[in-house]
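First comes the structure, then the notes that go with it.
What follows is calculated from the coordinates using simple rules that are stated; it is not laboratory data. Model, not experiment: these values are computed from the prediction. Cβ coordinates were reconstructed from backbone atoms using ideal geometry, including for glycine residues, and neighbour counts include every protein chain displayed.
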Amino acid sequence: MNVSTMNANSITDVITEKKEEAKNNVVLEIKDLKIAYSGELAVKGVSLSFLKNEITAIIGPSGCGKSTMLRCLNRMNDFILGCTVEGGVLYHGVDLYGQDVDPVEVRRKIGMVFQKPNPFPKSIFDNVAWGPLINGFKGDIHALVEKSLQSAALWNEVKDRLGNSAMALSGGQQQRLCIARTLAMEPEVILMDEPCSALDPVSTAHIEDLMFELKKDYTLVIVTHNMQQASRASRYTAFMESGNLIEFGETKNIFTNPKEKRTEDYVTGRFG
Amino acid sequence: MISPDLSRRYFKAKLFRVFCMSVSWMGVLILGVLLYHVCREGLPWLDMQFLEDFPSRFPKKAGINSALFGTLWLISFTALFSVPIGIGAGVYLEEFETKNAFSRFVDLNISNLAGVPSIVYGMLGMVIFVRFFGLEESVLAGAMTMSLLILPVIIISTREALRAVPGTIRQAAFALGATRWQTVYAHVLPQAFPGILTGIILALSRAIGETAPLIMIGALTYVAFVPEGPMDEFTALPIQIFNWASRPQQEFHELAAAGILVLLAVLLLMNSIAVIIRHRLENKNQ
């Protein structure tokens, strides 16, 4: 804070500055988002903001539209036949569904990790290096692969066998490889669609630790079925039900002091 | 009430197993009988002289040289035309095309084309390639006709192979900012390739045994020279075999059997090459 804010109007100034700051921290914002599959609404008008360097969890019963919404954030819904999107998805204020937006460009900036580990049936090295290389990476690819694998906490386990097939890794290792692969693209946002649902508790703990590390440099949005995971890992939580956003707020409030009855029922396990 | 009548259920299971086993052995048995007959008649005639000589009206002097090389020429050119076009069309239809009423119409037509009798393709080839384009009774006209015949098979099997590649691989690639072409080229095609190769081999095996369209476009039954270029006239193994088999003398029937053995050998060779390539690719993918 500089000297000019120390004058008589300082409090007002500070407040506006804080507001301004919060606004700048919004990386992704969705406004009245409606997503339909062949005309049938799966997401019925949701508005939400995702803040920089925070983990936001989206929870809700199966079929509530949370994965659909997540896929919309980097235009992975484009590949689903009959999927239509209305409303806005703003990335730093730019509508991702705008006319002149290239979806390939979007996905470079907003990476995604899927429910089931899906490494390419190639070597560990190639899995990580492929994304940057096809996107015109120039520089030391070996250094980038090492850095990405280290950030994904996988380096020590695989450094002696980078040439081996990724399919020989365990499920948890494969998922971390998929995260490393995403990190190698140096995205700003990482979307995770139930990243631990196919993993055992030890691997899940690995990935959760990793998420804490990652939020220093990335903005994370995770969809999860696992209530504990949402409460442990995330700063903000959105609760969805049958295509509607029921409640959004700080995770501790959602889990300990929810405003909505339905949220309470869900997080305490009385429903869903 | 659940009745644990296990012996009855096991009996049914066993019955079904025996049924499946007997029908699969039936195929082997029929092939065995066929091979036995062909070998018994043909093997005595099969020697270098048979491979090196041209057809003759004296059975002792008759050989299969021109037909063998005609078939090799024909099948090489057929592969040259049909493989790139077939794979290209399959990839387009499966990976790039937007699904709508028109695409469904195209799909339906390709499936139907795969079932059109080969003689119809022969007529088409005669009218278009032989007469309209003036290619006459050349290897080129034959190969183009054969390509038309097997293209639907290659396209369909290419699409099946592409469809068998899990969608998660495509999603993974797209999520890394890959374009559709990068995704298809780097991940989908390599994984689908063994399946595509199988389709190609099946299609070429069909082409190598086809006689009707070749006769239709006017491939000769008596050729005493080896084609030296794509514009030369030619004959092919099945035509030669048919020609010998339709003569009254027993010796020519035995020559036909020897010709069948040569045809089977070529087929087996093609299949083995494909199996080796496929095996290598699968190892590389793993």
Quiz item: From the backbone phi of the range B:28-36, what are the Karplus-calculated ³J(HN,Hα) couplings (6.51 cos²θ - 1.76 cosθ + 1.60, θ = phi - 60°) in whole Hz, Gly and Pro given as x?
Solution: 4, 4, 4, 4, x, 4, 4, 4, 4
Quiz item: Taking only Cα atoms, what is the 0 to 90° angle, nearest 10, from helix A:141-151's long axis to the longest principal axis of chain A?
Solution: 60 degrees
Quiz item: If amide H atoms are built 1.01 Å from N in the plane of the peptide, which residues on other chains or at least 5 residues away come under 5 Å of the amide H of A:GLY60?
Solution: A:MET240
Quiz item: What list of ³J(HN,Hα) values in whole Hz, one per residue of the range A:116-130 in order, does the Karplus curve 6.51 cos²θ - 1.76 cosθ + 1.60 (θ = phi - 60°) give from phi, with Gly and Pro shown as x?
Solution: 9, x, 10, x, 6, x, 9, 6, 4, 4, 4, 4, 7, 6, 4
Quiz item: Using the alpha-carbon centroid of each, what span in Å lies between the range B:1-27 and the range B:32-105?
Solution: 41 Å
Quiz prompt | Given A:LYS216/A:LYS259; A:LYS52/A:LYS215; A:LYS66/A:LYS116, the pairs whose alpha carbons are separated by over 20 Å | solution = A:LYS216/A:LYS259
Quiz item: Can you list the residues, at least 5 places off or on another chain, whose amide H is less than 5 Å from the amide H of A:GLY87, using H built in the peptide plane?
Solution: A:LYS34
Practice problem: With label points built 7 Å along Cα→Cβ from the Cα atoms of A:ASN25 and B:ALA224, find their separation and express it in nm. | Solution: 9.6 nm
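Please tell me the relative contact order of chain A in percent, rounded to the nearest whole number, where contacts are Cα pairs under 8 Å and at least six residues apart.
Averaging sequence separation for qualifying contacts and normalising by length gives 25 percent for chain A.
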Exercise. Give the residues of the range B:116-135 whose amide nitrogen is closer than 16 Å to a point set 7 Å from the Cα of B:SER246 in the direction of its Cβ.
Key: B:119
Self-check item: Cut-off under 5 Å, modelled amide H: who pairs with A:VAL113 long-range
Solution: A:LEU191, A:MET192, A:ASP193
Quiz item: What number, rounded to the nearest 500 deg cm²/dmol, is the helix-based mean residue ellipticity at 222 nm of the protein assembly as shown, given -39500 (n - 2.57) per DSSP H run of at least four residues and division by all its residues?
Solution: -17000 deg cm²/dmol
Self-check item: Residue order, fewest to most surrounding Cβ atoms within 10 angstrom, among B:GLU160, A:GLU105
Solution: A:GLU105, B:GLU160
Self-check item: For the range A:177-226 and the range B:122-149, distance of Cα centres in Å
Solution: 59 Å
Practice problem: Could you compute the FRET efficiency for A:GLU86 and B:ARG104, with r as their C-beta to C-beta distance and R0 at 30 Å, rounded to 0.05? | Solution: 0.65
Practice problem: Post the alpha-carbon centroid distance, the range B:207-286 to the range A:61-116, in whole angstrom. | Solution: 55 Å
Practice problem: Determine ³J(HN,Hα), in whole Hz, for all residues of the range A:46-53 in sequence, where each value follows from phi through the Karplus function 6.51 cos²θ - 1.76 cosθ + 1.60 and θ = phi - 60°; x replaces Gly and Pro. | Solution: 10, 10, 7, 10, 10, 8, 4, 6
